[in-house]
Structure formats: structure tokens, C-alpha cells
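Comments concern the structure below.
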Amino acid sequence: MGKNRNPTVSVIIPTYNRAHLVGRAIRSVLNQTCQDFELIVVDDGSTDNTWQILQSYAASEPRIVLVRNETNVGVATSLNKGLGLAQGEYIAPMDADDVSLSGRLAAQMSFLDEYPEVGVVGCAVQIINARGSLMRVVRPPTMHGLILWALCFSTPLAHPTVVFRRAVVEHVGGYDDALLANQDRDLWQRLSSVTRFANLPDVYFLYGWHPHTVSHRHADVQVRNSAKAGQRMMARILAYEVPFEICYNFRLGRFETVDDALQAARVIHSLYDAFMAKESLSILDKRAIRQDAARRLISLAWRWMYKARMRREFLALACRLNPLLVAKLIVVTAVHRAWRVIACPCQ
């Protein structure tokens, strides 16, 4: 169907059985303050009336380009199909569950125009439930160095919030079709060696969170793929492979034994030393990484503080990074214990 010739940005929405939500996502794109876009919607073999709804929008809007997969081939393949059709210099992927606030594209494109060294820019998000009710706000790290650091442990760039330069993603081969879920973190890991990242601190995006999202339906696969991407990221930085179970537990945010927690703490410190040696990172980047590394060490130590060996090694590692944060932990722990004695004198 119709196309906007030479648009600056191509918005790509892959969708599967989202007849009740996809219209809201489309309207949020059409209502952008920046109108220099094309909207590519890839129907990934929907079995409900998603396709009919898409056709009704495209009939009155020439900037909408529709693609229909005969069978359900997955998000990564659908995104690559949209990427192959895109005409824009910039690409804005988006899920059919989500809403772009009106100033999103303008703000992110303006940022990329101002900072040509940045290839991917995301933003803060407001989580919404299936009814569209507002929940919590998530503010990811904004600086390149801290985003790189966080990529070792989690996903600090929410994929549906980003705008990226088409050229840099094509340079690394696009999305990995073999991944059922978490193709975004795999992409960020590959892009980390060829471009810089950023997140805008302001909320420009409403992120749908409900039981029918890919994150829910393929939760275990997503966590395992995310852990593998983190493992590859750490291996590139440390020049050795961190055991998968440690990376998996980093992603889950829990360690079941003291030995695993201690091994994780040593990995954090090794990563910290490697990042501090990077000449490409600014003083502000390194200061933020130091703070986050200390916080992660203390979070690991909190559950095992009753173990003398844990206290000694964890606190020694954390003190090298941020002694003030360690002092705060000691004070908080002392107050917590005193309160327990006051509240429960029989224990």
C-alpha cells in the first residue's frame, strides 16, 4: 500500500493477534509531532481480525505500509522483514501493545542529529497494564558507559522505546532470526562494538505489560537468551568465559549459595577493573559505574551478611569501590537489628 517517499524515520510494528490493541499503537504514531515518517506494520500470521483492522487504517493513511506473513514466523523475522522495506535513515521499532507519546520521535531524532556518534537512543518509560492504567515509571541509565556496564547484567535499552540509525543495525546483520525472544539484548551486544548508546531521561513511551506479551509467554526462554547475551558481553570484556549459571543468576537477581554469590562478586569486581581501564569512557561514566558496582556488591552481600567469610570478602571488595556506601549499609544494618530487638524483645 502507499508509501511516504524518503521519510526520515521508519516506524516498524510487528503484530500477532492484537486486534484489540494495535489500533491504539497506530494512532499514537499518527499523532506524533514529527510527521516525516512511514509506518510499516507486519502482521505475523494473525488468526483474529488484526489484518482487517490494519487494512482499515491503511485505506485512509498513505504513510502506512502493510506486510502479511502467511504463517507466524516470530518477532525477529518480522522485524527483519520490516527493516528490509524501510526507507528511513532512522528506525523506530515498536510493539502493538505500546503507545508512543506525541513528542517521542521528534525528541529522539533531534538527539541523534545532535550526537552523530550515538547509534541507538531509548527513553524512560511508563508501564501500563492491559486496561491502559498507568503503573510505575522505569528510568534506565542515560550515559553510554553505564549502559555498556548494565548490558553485562540486564537490558538497559527497552527495545520498543529506541530509535536507531538503520545503517548501524544493517552493519551488524539485523536481528537474529534464530532467537525466539530477547533478540533485542543480542542486538545491543553486537552493536556495542560499533556505536554508542544513550537513553533520554524523560518519559516518551507507555510500555504494555500483561500476560499475553512475549516477555510473559516466553519468560524462561527470554531469561536464558538474555543470560547468554550477558555471558558473551562479559567474555568480550574480560577475555574469558564466565560460567553460564552465574550469568543466569545475575539475570534472575538471586544466588542460592554463598560460593555462587562470592564468585559473582569477583566477576563484578573484574568487570569493574576492566571498565576503569577503558580510555574511551569519561570520568562521569566511570564514577557512575563505580557507584553501581558497589551497589551490586552490597545487594549480593545483604542476604549473606551473617556469614563471616561473606562479610569480609564482600565488604573488602565494596570498600575499594565506595566506602561511603558500605558505611551506609553498616548503619542501616545496625538500625535494623536494633529495631528488631526493640520490637521483638523475646527473640
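No value in this document is a laboratory result; all are computed from the given coordinates. Keep in mind that this is a model prediction, so the values were computed, not measured. Don't worry about glycine lacking a Cβ; one is built from the backbone with ideal geometry, like all the others, and counts go over all protein chains shown.
How long is the gain from Q126 to A167 if the chain were fully straight, where each residue apart is worth 0.36 nm and the alpha carbon distance is subtracted?
Contour length minus Cα-Cα distance gives 11.9 nm.
How big is the charge dipole of the chain about its Cα centre, in debye rounded to the nearest 20, if each Lys and Arg gets +1 on its Cβ and each Asp and Glu gets -1 on its Cβ?
That gives the chain a dipole magnitude of about 1500 debye.
Charges on Cβ only, +1 for Lys and Arg, -1 for Asp and Glu, centred on the Cα centroid of the chain; of S299, V29, L112, which one is farthest towards the dipole's positive end?
Most positive-ward Cα: S299.
Using a basic spin-label model with each label point 7 Å from the Cα along Cα→Cβ, how many nm lie between A235 and E89?
3.7
With unit charges on the beta carbons (Lys and Arg positive, Asp and Glu negative) and the dipole taken about the Cα centre of the chain, which residue among Q222, N49, F275 sits farthest to the positive side?
Toward the positive end, the furthest listed residue is F275.
Can you give me the distance in nm between label points at H20 and L66, each placed 7 Å from the Cα along the Cα-to-Cβ direction?
Here the answer is 2.2 nm between the modelled labels.
According to a simple spin-label model (label point 7 Å from Cα along Cα-to-Cβ), what is the distance in nm between R136 and D36?
Roughly 3.8 nm, to one decimal.
For the chain, what proportion of DSSP beta bridges, expressed in % and rounded to the nearest 5, is antiparallel?
25
Binning at 10 angstrom from zero up to the longest distance, how are the C-alpha pair distances of segment 9-220 distributed in percent?
With 10 Å bins starting at 0, P(r) equals 9, 37, 41, 13, 1.
Between R27 and E256, what's the calculated FRET efficiency when r is the beta-carbon distance and R0 is 30 Å? Round to 0.05.
Once rounded, the FRET efficiency stands at 0.05.
At a Förster distance of 25 Å, what's the computed FRET efficiency of R287 paired with E117, Cβ-Cβ distance as r, to 0.05?
0.75
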